[in-house]
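The values are calculated or read from the model by the stated rules, or taken from the named source; none is laboratory data. All values reported here derive from a predicted model rather than from experimental measurement. Every residue, glycine as well, gets a Cβ built from its backbone with ideal geometry; the counts of neighbours run over all protein chains shown. Keep in mind that these areas ignore ligands, DNA and RNA; they rest on the heavy atoms of the full protein, side chains included. Shrake-Rupley method; radii C 1.70, N 1.55, O 1.52, S 1.80 Å.
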Amino acid sequence: MKEINSCETCPVHNLANLTKLGVNMDKFDFVVALAGNPNTGKSTIFNNMTGLHQHTGNWPGKTVSRAEGGFKFNGSNYKIVDLPGTYSLLSTSTDEDVARNFILFGKPDVTLVVVDATRLERNLNLVLQIMEITDRVVLVLNLMDELKRNNMEIDVRSLSRELGIPVVPAEARQKKGMDEVLKYIEDVAKGNYLCKPRKIKSISPKIDTAVNELTKDIEESFPNLPNSRWVALRLLEGDQSIIDAISSGEMAELVNEQDIRSTISE
Amino acid sequence: MNKISGQQFLNNFWKERMKNKEEILEKANELRWEVGESLHDSILGSIYKEASEITKNTVKTEDNKDAYTFDSKLDKVLTSKLLGFPIMFLILAAVFWITIEGANVPSKMISDFLMGTIHPWLKEISQRIGIPFFIDGLLIDGVYLASAWVIAVMLPPMAVFFPLFTLLEDFGYLPRVSFNMDGLFRRAGAHGKQALTMAMGFGCNAAGVVAARVIDSPRERLIAIITNNFSLCNGRWPTQILIATIFIGSLVPAPLAGFATAAAVVGIAVLGIVFSLIVSWGLSKSVLKGEASAFSLELPPYRPPRILRTLYTSLIDRTIFVLWRAIVFAAPAGMVIWLVANVHVGGLSIAHYIIQFTDPFGLMIGLNGVIILAYIIAIPANEIVIPTVLMLTVLATGLSGIGGGSGVMFELDSVNATADILHAGGWTALTGICLMIFSLLHNPCSTTIFTIYKETKSVKWTAIATFLPLAMGIVLCFFIAQIWMLVL
């Protein structure tokens with residue numbers, strides 16, 4: 001009797017359902033943002049999914065502007081946006097602005113954060129900041145082969161528990177782990193997996209009060225902003241680009257369309 | 001809800017928004033005083049703390065084995081103060097040597113096939129069906145031969161060079177180069193990341209100019225854009241390699257020819273880096289004054305290169321892409337060459353008049369009229385310089401018995417045949433050296449010029465980036481030629 005490969009019957013084994021759409025993405029159901037530190041393999045994963053050939057190279061800063069591509073998975077069309085690699089979303093540089101503005105204003109359905117498993121601690125700084133902006137995050141622990149080569153091990157399950165989001169070990173260069181990545185993108189996009197991301201613990205009661213007060217105001221003015229707490233924090237810190245976004249009306253533009261529509265129809 | 005008109009509603013809506021946003025900003029200002037200035041630091045602090053906590057709970061390092069031993073040992077050697085640069089030059093030289101040696105045989109095979117077999121076959125067919133001579137000339141002797149030429153000259157070296165370069169990139173060597181070069185660039189008043197854009201320029205200057213976006217400071221980014229042309233691009237590598245093989249390789253005994261040629265090409269590439277530093281320094285001390293800004297560069301882990309994958313992507317990404325671009329430009333250029341060589345005015349072809357006109361100037365700077373005309377025709381793409389030079393040389397010297405006649409890009413069985421033509425055209429070692437210098441120092445191709453304009457949005461800086469290297473090339477070649485003629 002033919003032995004049934006248990007992998008093939010498992011719902012995770014999904015690559016067969018993937019259609020690479022390249023740049024054809026006229027209609028899409030979900031938007032996926034691809035973020036992470038420089039040189040962690042974002043473009044490699046982007047290429048794996050879209051079938052495009054964004055140039056990849058082992059040096060930081062290779063992707064200078066965002067690249068877009070599409071794929072179809074289990075009947076839904078996804079647009080995936082490859083963002084420039086950044087170490088943080090706090091200080092200001094062009095790359096960080098591109099990445100942050102997209103995660104904040106572009107409101108992606110899923111943000112796929114690619115991290116270098118061998119440098120988890122430093123990479124987590126960015127992950128924690130992204131989770132402050134958006135809940136729908138999937139973490140890809142890339143370069144697992146490097147991790148083994150360097151005699152290290154990561155407890156993937158407890159990492160996922162600690163962060164409150166799905167964590168997928170992967171070796172993008174060998175195309176390993178891509179099927180699971182796709183499954184979690186789908187789960188989070190369609191709401192089958194509810195992320196409960198760990199938020200940065202409060203620093204002091206005084207700051208908490210200030211943040212809460214400001215958050216309430218922002219929520220009233222921009223009810224559709226999914227991350228008013230984060231905006232409040234940035235405002236308190238005096239982040240000039242956020243101040244500009246509010247005073248120039250950029251922030252309002254982001255949320256207004258749906259907003260007006262829902263108010264008029266009342 | 002009261003019924004109000006849509007316009008009225010929108011007006012109210014926006015008015016409210018305006019009020020709200022001012023209120024919010026005001027409130028933020030007030031609250032900022034309360035929470036104090038240390039907020040930014042304390043937020044960062046708590047992020048770091050959490051990251052470190054999570055890491056402690058989830059990452060296990062095997063006892064008594066250190067992580068990254070291999071990487072740090074390798075880094076100590078590759079970025080060492082003493083060995084960093086010599087190793088860099090050795091690696092570069094090895095890459096060129098492999099390229100030069102490896103491209104020879106396939107180059108001959110391709111040119112035999114495309115020009116020795118296909119071209120006569122096409123001519124025969126065209127004669128049999130009686131196609132008028134000028135259409136036959138334009139299409140088969142112009143367009144087809146120009147394209148075939150570009151493939152024969154460019155494909156083999158690119159097919160060897162790009163995969164090798166991509167393997168180095170994949171392995172993680174480029175950031176180490178950047179690290180080594182950083183001190184030099186900083187002293188030149190430029191950004192350390194310029195080493196990366198420079199490395200990109202070795203592939204394609206237009207790509208290098210776009211890559212300068214990684215530099216945040218506008219001043220340093222401009223410097224990186226203007227000096228990118230000093231990185232030899234892939235359109236110029238074949239010129240360097242061919243001319244070095246003919247004029248430098250032949251100066252030494254045959255067994256050493258490969259090494260001498262590779263050394264000469266590396267020499268030109270290094271000269272390009274030196275010019276890049278000098279011009280950066282000059283710009284940052286004059287029109288683009290300022291301090292070099294600090295940045296952090298992560299040295300990524302070394303990764304075992306994926307050989308097959310690299311071969312595939314470097315062929316698709318770079319080789320075929322560049323080749324296609326070259327053919328797109330070579331095809332119409334082939335037509336132009338055929339026309340200037342075959343349209344006669346008063347008994348002489350147009351090309352003759354132009355070459356006669358440009359010859360005195362060309363000779364003055366160690367080149368000749370043919371090279372000058374070739375560089376004008378080749379503004380769209382550096383790749384077609386050598387094919388154009390050879391065709392025009394045959395025409396100007398009236399060599400007969402080679403190829404199909406005037407205005408025809410002929411077949412060349414080997415580097416030796418090319419050498420014969422160039423020597424017959426009056427070329428000397430001086431011409432070869434000056435051509436190598438001029439190939440390094442002249443205006444960027446039109447694609448790069450357009451890219452510079454798109455990136456800088458400034459006619460002034462585009463003009464500077466275009467004419468500065470050209471002026472430098474003319475001046476340098478002039479001095480080399482004059483001194484050469486005085487001494488020899």
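Side notes on the structure shown:
- Centroid-to-centroid, using Cα positions, region B:337-360 and region B:47-120 are 49 Å apart.
- Gyration tensor (alpha-carbon) shape descriptor, region A:119-255, a/c threshold 1.5: prolate
- Take each residue of peptide B:209-216, count the partner chain Cβ atoms within 10 Å of its Cβ, and average: the result is 4.
- Compactness of region B:108-487 is given as radius of gyration and Dmax, 21.5, 70 Å, from Cα positions.
- Surface burial for B against A, with a 1.4 Å probe and both sides summed, reaches about 6800 Å² of accessible area.
- Placing +1 on the Cβ of every Lys and Arg and -1 on the Cβ of every Asp and Glu, with nothing else charged, gives region B:141-193 a dipole about its Cα centre of roughly 380 debye.
- Under a model in which nothing but the beta-carbon of Lys, Arg (+1) and Asp, Glu (-1) is charged, chain B shows a dipole of about 780 debye around its Cα centre.
- Accessible surface of region B:108-487, 1.4 Å probe: 74 percent of it comes from carbon and sulfur atoms.
- For the peptide A:239-247, the mean number of other protein chain Cβ atoms found within 10 angstrom of a residue's Cβ is 2.
- For region A:76-182, the share of accessible area belonging to carbon and sulfur comes to 44 percent (1.4 Å probe, ligands and nucleic acids excluded).
- Trypsin sites (Lys or Arg not before Pro), loop per DSSP, at most 12 other Cβ atoms within 10 Å - longest free stretch of chain B: B:82-288
- Reach of B:Lys81 by Cα under 29 Å, taken over lysines that are not fewer than 8 positions away in the same chain: A:Lys62, B:Lys65, B:Lys73, B:Lys193, B:Lys285, B:Lys289
- Size descriptor, Kirkwood hydrodynamic radius, that averages inverse alpha-carbon separations across the protein assembly as shown, Å: 29.3 Å
- Residues in region B:295-319 that, when all protein chains are in place, have 40 Å² or more less accessible area than the chain alone would give (probe 1.4 Å): B:Glu298, B:Pro301, B:Arg303, B:Arg306, B:Arg309, B:Asp317
- Accessible solvent surface per residue of the protein assembly as shown, calculated while the other protein chains remain in place, 1.4 angstrom probe, Å²: 44 Å²
- Where only DSSP H runs of four or more residues are counted, chain B gives -22500 deg cm²/dmol as its mean residue ellipticity at 222 nm, each run worth -39500 (n - 2.57).
- Along the axis of the charge dipole computed for chain B (Cβ charges of +1 for Lys and Arg, -1 for Asp and Glu, origin at the Cα centre), the listed residues B:Leu256, B:Leu167, B:Thr79 are led at the positive end by B:Thr79.
- Most simply put, the protein assembly as shown has about 45% antiparallel DSSP beta bridges, counting only bridges with both residues inside it.
- Charge-dipole axis of the protein assembly as shown as Lys and Arg at +1 and Asp and Glu at -1 on Cβ define it, positive-most pick from B:Ser280, A:Ile133, A:Asn39: B:Ser280
- Within the same chain, lysines fewer than 8 places from A:Lys79 are excluded, and of the rest, those with a Cα less than 19 Å from its Cα are A:Lys20, A:Lys27, A:Lys42, A:Lys107, A:Lys183, A:Lys190.
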